[in-house]
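Worksheet for the structure shown next.
The values are calculated or read from the model by the stated rules, or taken from the named source; none is laboratory data. Treat the numbers as computed from the prediction; the structure is a model and nothing was measured. Quick reminder, even Gly has a Cβ in these numbers, built from the backbone with ideal geometry, and neighbours come from all protein chains shown. Surface accessibility is based on the protein's heavy atoms, side chains included, excluding ligands, DNA and RNA. Shrake-Rupley method; radii C 1.70, N 1.55, O 1.52, S 1.80 Å.
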Amino acid sequence: MAGRYDKNPFDEEDQVNPFADPAVRGKAGQSNYGGGAFYTTDLQKKEKELQAKEAELRRREQEVKRREDAAARAGIVLEEKNWPPFFPLIHHDIANETPIHLQKLQYTAFSTFLGLVLCLTWNIVAVTTAWIQGAGVKIWFLAIIYFIAGVPGAYVLWYRPLYRAFRNESAMNFGWFFLFYMVHIGFCVVAAVAPPIFFKGKSFTGILSAIDVVGNHSLAGIFYFVGFGLFCLETLISIWVIQQVYMYFRGSGKSSEARREAARGAMRAGL
């Protein structure tokens with residue numbers, strides 16, 4: 001008969017249990033905790049890298065802000081190109097940078113700039129049609145020159161000065177606008193008339209060249225008459241714009257300031 005305190009027959013023997021040996025338990029514990037330590041070290045390394053990148057970004061943001069503040073104190077306006085949206089070429093933000101009582105006039109002036117782009121583009125189309133129908137290649141080259149020189153010239157010489165004049169109330173910018181906007185109006189009048197001075201005027205889609213072309217080239221003649229209408233409309237709107245800007249210029253007291261600046265400039269030139 002088995003003794004009362006005999007071992008349980010279902011108990012595992014020490015030599016059978018693989019974890020009974022202290023050496024085996026030690027190795028297993030080292031394996032588990034060793035993997036956890038490696039994983040924790042990797043996380044700490046990535047966290048330090050992220051912190052370093054964040055610190056670098058903060059440093060760059062502070063540097064950009066410092067430069068913007070310095071430029072603002074010096075009176076320099078940083079203009080980011082944002083128009084046209086699909087291919088930004090110029091900075092243009094009437095809604096946020098032009099006083100609200102001047103925004104309608106600024107938009108109208110901008111429409112005359114876009115109108116000039118349309119007139120010169122249509123001028124190329126009409127002159128190209130006349131060239132294809134036998135009018136000669138010289139008028140086509142002149143039409144291309146008008147576009148290449150006219151569009152950026154209009155923006156730099158009169159539209160941008162007006163934009164800055166409305167934004168900064170600068171009498172000097174108003175002066176530049178009036179000077180070159182009158183040149184713009186004169187150019188539109190010449191283009192609408194198309195006097196026979198440049199290859200019989202056919203490089204412009206004016207009324208005289210339209211009458212001359214329509215007899216021999218009916219399609220080109222129609223295009224020329226459309227161009228004549230565009231140049232007439234551009235001239236009328238431009239005259240209205242310069243009148244409104246001049247009324248504001250006189251009413252705001254900038255005319256006397258412009259005369260004083262001109263007098264100081266003449267005095268400096270004389271000295």
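Highlighted here are the helices (runs of 4 or more DSSP H) found entirely within the range 84-178 that include at least 3 residues which are at pLDDT 95 or above and of a type outside the set (Lys, Arg): 103-130, 138-154, 160-168.
Taking every residue in the range 192-213 that is in contact (Cβ under 8 Å) with a residue 40 or more places away in the chain and over 16 Å from Gly229 (Cα atoms) and pairing it with any residue that is among the β-branched types (Val, Ile, Thr) and open to solvent by less than 40 Å² (accessible area, probe 1.4 Å), at least 6 positions away or on another chain, the pairs with Cβ-Cβ distances below 9 Å are Phe198/Ile139; Phe199/Ile139.
Go through the range 141-178 and give me each residue that's more than 21 Å from Phe231 (Cβ to Cβ) and surrounded by fewer than 16 Cβ atoms within 10 Å (Cβ to Cβ). Within the range 141-178, Val156, Asn168, Glu169 meet the criteria.
Please go through the range 221-271 and give me each residue that is modelled with pLDDT of 75 or more and polar (S, T, N, Q), ordered by number. Result: Thr235, Ser238, Gln243, Gln244, Ser252. Note on the range 205-234: among residues that are in a loop (DSSP other than H, G, I, E, B) and open to solvent by 10 Å² or more (accessible area, probe 1.4 Å), the one that is nearest to Val125 (Cα to Cα) is His217.
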